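Quick notes on the structure that follows.
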Amino acid sequence: PARQPLSGRSVLVTAGPTQEPIDPVRFIANRSSGRQGYAIAAACAALGAEVTLVSGPTNLPCPEGVRRIDVTTACDMDAACKAALPVDAAICTAAVGDWRVAEPALQKRKKPHEKPRTGTAAQPASSLTLTLVENPDILASLSRPGPDRPALVVGFAAETEALESHAREKRQRKGCDWLLANDVGAGSSVFGGDRNTILFLTATETTLWPELPKATIGRALADRIAAFFSGHIAR
Ligand code: C5P
């Protein structure tokens, strides 16, 4: 068969939400569907890449030709990504929870008292405080210079305001090469939806992609990654 644009290249993709346990039956999570990341994984595999998809809990089928590693928490996702190295490119689309519960309960938490409630909505009778601790930043750690740093690291940013300045600042802070930012402010339906509007940033370029299906965005990014590895474009 003809040589494909990404054959011989390995690509790591993170996707989906993470879930951080509060106790054995409850967790803290977010509204990520995983669709954009799965579309990117599928598009890279279709161009011949060897794709590892590290995925939080989603309802999506594993794209054809993709090796999926299922994880639940941010710490699991971080460990699975480190275990997948070295790779040629890493693309972080996962909505990683920023925080985890410091000490998840080993047994299901009981209600404060299984007795008649005395509180009102305005003045609750009791409250619960959870101590949260910071999760590892997977994108920032993959971007850090070192022998295992992928040749190309791509991040995402969901912003509700000042899209370009926040995205530029985020690209620099994380240390990734390219960053795809989207506006998730009121009125947008990015989460779980089929389409996305991307502001594409590199160190030197800013390009607004028109509103497109997530599958098309996946193919556009995979094509650009292939162009990078064939030497047609710079980081
Ligand atoms: O900081 P923020 O969550 O906005 O950054 C978004 C980007 O960073 C995404 O690419 C996301 O996958 C990645 N990220 C990560 N690990 C975290 C937080 C974010 O890989 N703990």
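Is the shape of segment 127-214 best called rounded, prolate or oblate, per the rule: a/c under 1.5 gives rounded, else a/b larger than b/c gives prolate, else oblate, with a ≥ b ≥ c the square roots of the Cα gyration tensor eigenvalues? List each step's numbers first, then the result.
Numbers: a/c = 1.93, a/b = 1.03, b/c = 1.88.
Note, shape of segment 127-214 comes out oblate.
Among the DSSP beta bridges whose two residues both lie in the chain, what percent are antiparallel, rounded to the nearest 5? Please list the in-between numbers first.
Details: 14 of 40 bridges.
Of the beta bridges lying entirely in the chain, close to 35 percent run antiparallel.
For a 28 Å ceiling on Cα separation, which of these pairs sit above it: Lys82/Lys170; Lys170/Lys214; Lys82/Lys111; Lys82/Lys108? Walk me through the numbers before you get to the answer.
On the way: Lys82/Lys170 22 Å; Lys170/Lys214 22 Å; Lys82/Lys111 39 Å; Lys82/Lys108 32 Å.
Over 28 Å apart, Cα to Cα: Lys82/Lys111; Lys82/Lys108.
Subtract the Cα-Cα distance of Arg149 and Thr131 from 0.36 nm times their separation in residues, and report this length gain in nm to one decimal.
Details: separation 18, 0.36 × 18 = 6.48 nm, distance 3.29 nm.
Result: 3.2 nm gained on full extension.
Could you pull out every one of the aspartates and glutamates with an alpha carbon less than 19 Å from that of Lys110, ignoring same-chain neighbours closer than 8 positions?
Those aspartates and glutamates meeting the cut-off are Glu20, Asp23.
Using only the C-alpha atoms of segment 12-56, find the volume of their convex hull and express it per residue in Å³. Show your work: numbers first, answer last.
Details: hull volume 2.7 nm³, N = 45.
Spread over its residues, the Cα hull of segment 12-56 gives 61 Å³ apiece.
Just to confirm my numbers, what's the Cα centroid distance between segment 1-57 and segment 148-225 in Å?
So the two Cα centres are separated by 16 Å.
Roughly how many Å is it from the Cα centre of segment 117-147 to that of segment 86-108, as a whole number?
The distance from the Cα centre of segment 117-147 to that of segment 86-108 comes to 12 Å.
Relative to the longest principal axis of the chain, what angle (0 to 90°, nearest 10) does the C-alpha long axis of helix 214-229 take?
Once rounded, the angle reads 50 degrees.
Using only alpha carbon pairs under 8 Å that are at least six residues apart, calculate the relative contact order of the chain and give it in whole percent.
Values: 485 pairs, mean separation 47.8, N = 235.
Relative contact order, the chain: 20 percent.
What is the magnitude of the charge dipole of segment 31-139 about its Cα centre, with +1 placed on the Cβ of each Lys and Arg, -1 on the Cβ of each Asp and Glu, and no other charges, expressed in debye to the nearest 20? It would help to have the intermediate numbers written out before the result.
Working: 12 positive and 11 negative charges, 164 e Å.
Once rounded to the nearest 20, the dipole reads 780 debye.
Report the local net charge at Ser33: Lys and Arg +1, Asp and Glu -1, summed over other residues whose C-beta lies under 12 Å from its C-beta. Walk me through the intermediate numbers first.
Numbers: positive: Arg31, Arg35, Lys214; negative: Asp194.
Local charge sum for Ser33: +2.
Give the whole-number value, in cubic angstrom per residue, of the convex hull volume spanned by the C-alpha atoms of the chain.
Numbers: hull volume 36.3 nm³, N = 235.
Value for the chain: 155 Å³ per residue.
How large is the helix-only mean residue ellipticity at 222 nm for the chain, computed as the sum of -39500 (n - 2.57) over DSSP H runs with n ≥ 4, divided by its residue count, in deg cm²/dmol to the nearest 500? Spell out each step's value before the answer.
Values: 5 runs with 57 residues, N = 235.
Calculated from helices alone, the mean residue ellipticity at 222 nm is -7500 deg cm²/dmol.
Can you list the residues, at least 5 places off or on another chain, whose amide H is less than 5 Å from the amide H of Trp99, using H built in the peptide plane?
Close amide H contacts, sequence-distant or interchain: Asn135.
Where the accessible area of segment 44-183 is counted over protein heavy atoms with a 1.4 Å probe, how much of it, in %, is carbon and sulfur? Could you put the intermediate results ahead of the total?
Details: 4000 of 8030 Å².
That fraction is 50 percent.
The values are calculated or read from the model by the stated rules, or taken from the named source; none is laboratory data. All figures in this text were calculated on a predicted structure; none of them were measured in a lab. Virtual Cβ from ideal backbone geometry, glycine too; neighbours counted across all protein chains shown. The protein model used for the area step is the full one, side chains on, heavy atoms only, and it has no ligands, DNA or RNA in it. Shrake-Rupley method; radii C 1.70, N 1.55, O 1.52, S 1.80 Å.
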